[in-house]
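Peer 1: One structure follows; several queries about it will come next.
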Amino acid sequence: MTTSSHSSPPSPPSPAARAHSFNAAAAQYAENRPSYPPALFDAIEELAGHPLIGARVADVGAGTGIATSLLHARGAEVVAIEPGDGMAAQFRRALPDVPIVRGNGNALPLTDHSVDFLTYAQAWHWTDTTRSVPEALRVLRPGGALALWWNTNAVDVPWIAEQSERIRIHFGIDPVVEQNGSGLRTALADPTGRLDFAHRRVRWSRHVPIDTHLANIGSHSVFLVHDEESTNAFLTEERSHLRTVFPDETVEETYVVELVVALTP
């Protein structure tokens with residue numbers, strides 16, 4: 001089966017199905033997803049006007065702990081909040097000394113004015129902003145910072161743009177919109193009008209084996225909610241494309257982290 005054999009793309013999966021799809025693939029997610037560069041946390045501190053070291057931070061939608069571990073390494077006192085069973089179990093294995101509680105951004109299990117930073121890495125777009133914005137304002141201390149960010153694909157890189165088009169054709173969803181636009185649009189669409197976001201972009205890259213790259217893209221929800229045969233067919237063909245671009249079988253993934261930070265009064 002090839003990507004061109006589909007006469008019409010399948011219907012896009014529901015947001016709920018995509019949001020819950022990660023739990024079954026938590027180990028794959030933890031092992032293969034990209035991390036974040038130190039410059040991102042420098043930017044967060046600059047926009048917040050105070051350092052992470054010693055700060056009380058709640059990392060919401062913490063998943064397997066990729067961002068949480070980096071916040072902890074910066075000296076923050078971090079509590080993770082995660083709704084999914086599979087993700088929480090993976091988190092506990094990776095970060096046994098960091099507290100994690102079950103919950104989500106729509107109903108935070110935190111007391112009023114209890115944190116200096118509220119962070120969402122790749123997670124804010126799964127919330128209902130009519131609920132998550134008031135919740136953020138409730139739990140943040142005066143002068144606290146809501147920091148939201150997404151690793152997005154650098155689509156000005158030709159091979160990444162070409163791969164994105166193949167995903168669009170095969171799965172019937174546009175990853176440029178889904179990964180590079182929807183999250184940021186959700187953040188900026190504040191229904192309360194009370195958040196004033198500052199925006200930064202941080203470009204970075206990593207070099208990984210082809211297998212890691214394929215496992216990385218395969219851990220995205222658009223892949224996880226489709227049938228295994230269709231997903232495997234795409235990944236098999238994609239391996240051939242990548243070997244042409246990267247004959248040494250080491251892929252340079254390039255990202256632009258989209259960061260927005262809003263301060264509370």
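The values are calculated or read from the model by the stated rules, or taken from the named source; none is laboratory data. No experiment lies behind these values; they were computed from the predicted model shown. Counting neighbours? That spans all protein chains shown, and the Cβs are built from the backbone with ideal geometry, glycine included. Note: accessible area is taken over every heavy atom of the protein model, side chains too, but ligands, DNA and RNA are not part of it. Shrake-Rupley method; radii C 1.70, N 1.55, O 1.52, S 1.80 Å.
Peer 1: Within segment 17-159, what percent of beta bridges assigned by DSSP are antiparallel, to the nearest 5?
Peer 2: 5
Peer 1: Considering only protein heavy atoms and a 1.4 Å probe, what is the carbon-and-sulfur percentage of the accessible area of segment 34-95?
Peer 2: Reported share for carbon and sulfur atoms: 55 percent.
Peer 1: Follow-up. Over segment 38-106, with the other protein chains present, what is the accessible area per residue in square angstrom, probe 1.4 angstrom?
Peer 2: Details: 2770 Å² over 69 residues.
I get 40 Å² per residue for this part.
Peer 1: Still on this model: Packing-wise, with mean Cβ within 10 Å as the measure, how do 242-250, 73-81 rank, highest first?
Peer 2: Ranking, from highest mean packing down: 73-81, 242-250.
Peer 1: Quickly rank 35-48, 112-125, 155-168 as a protection proxy: mean count of other C-beta atoms within 10 Å, highest first.
Peer 2: 112-125, 35-48, 155-168
Peer 1: Using a probe radius of 1.4 Å on heavy atoms only, what accessible surface per residue do you get for segment 197-265? Whole Å² is fine. All intermediate terms of the calculation are to be shown ahead of the outcome.
Peer 2: On the way: 3210 Å² over 69 residues.
Per residue, segment 197-265 has 46 Å² of solvent-accessible surface.
Peer 1: Sum up the charges of everything whose Cβ sits under 13 Å from the Cβ of THR250, counting Lys and Arg as +1 and Asp and Glu as -1, but leave THR250 out.
Peer 2: Numbers: positive: ARG206, ARG243; negative: ASP211, ASP248, GLU249, GLU252, GLU253.
So the surrounding residues net to -3.
Peer 1: Here's another thing I want to ask about it. What number comes out for the charge environment of ARG56, summing +1 per Lys or Arg and -1 per Asp or Glu over other residues with Cβ under 14 Å away?
Peer 2: -2
Peer 1: Report, as a whole number in µm² per second, the diffusion coefficient that Stokes-Einstein gives for segment 30-173 at 20 °C and 1.002 mPa s using the Kirkwood radius over alpha carbon pairs.
Peer 2: The Stokes-Einstein estimate is 133 µm²/s.
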